[in-house]
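The values are calculated or read from the model by the stated rules, or taken from the named source; none is laboratory data. Computed from a predicted structure; not experimentally measured. With ideal geometry, Cβ positions are generated from the backbone for all residues, glycine too; neighbour counts draw on all protein chains shown. We work out accessible area using only protein heavy atoms, side chains counted, and drop any ligands, DNA or RNA first. Shrake-Rupley method; radii C 1.70, N 1.55, O 1.52, S 1.80 Å.
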Amino acid sequence: QVHLVESGGGLVQAGESLRLSCAASGPAFGGYAMGWFRQAPGKEREFVAAISCSGAGSDYRDSVKGRFTISRDNAKEMVYLQMNNLEPYDTAVYSCAAKRGAGSALRREYVYWGQGTQVTVSS
């Protein structure tokens with residue numbers, strides 16, 4: 001029901017910043033919670049950050065707290081991930097995801113996925 005396209009990935013050095021964007025298309029964007037996940041080669045996908053339908057609530061994995069900020073603009077149907085002070089262990093394909101904003105914890109049970117954007121952090 002919602003299609004997601006990420007952009008903004010790239011190659012940076014440790015300590016630098018990137019801002020990822022996710023453009024959504026489809027009805028009722030404001031009815032979906034949105035999340036960012038990442039997957040490194042040979043590793044399982046892991047939760048990074050999520051934001052509630054209204055933008056009033058958010059959740060982050062511990063290793064990105066204080067460095068990453070998730071935000072959304074419902075009028076523009078966009079969600080963002082500002083990533084500061086990047087480290088090599090942040091290297092992964094980052095994907096945005098959507099789910100109906102009800103019934104489960106904010107970091108769990110996403111249904112709709114984008115194709116991802118590569119983030120590479122060198123030391």
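Values for this structure:
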item: Residue that is modelled with the lowest pLDDT, among those in the range 40-58 that are open to solvent by 40 Å² or more (accessible area, probe 1.4 Å) and not small (Gly, Ala, Ser); result: Pro41
item: Count - residues of the range 78-105 that are among the hydroxyl-bearing types (Ser, Thr, Tyr) and free of Cβ contacts under 8 Å to residues at least 40 places away in the same chain; result: 2
item: Some residue of the range 69-80 being surrounded by fewer than 18 Cβ atoms within 10 Å (Cβ to Cβ), among the hydrophobic types (A, V, I, L, M, F, W, C) and under 14 Å from Ser21 (Cβ atoms); result: yes
item: Tabulated pairs, the range 25-39, first surrounded by 15 or more Cβ atoms within 10 Å (Cβ to Cβ), second assigned to a helix (DSSP H, G or I) and acidic (Asp, Glu), C-beta under 9 angstrom, 6+ apart or interchain; result: Arg38/Asp90
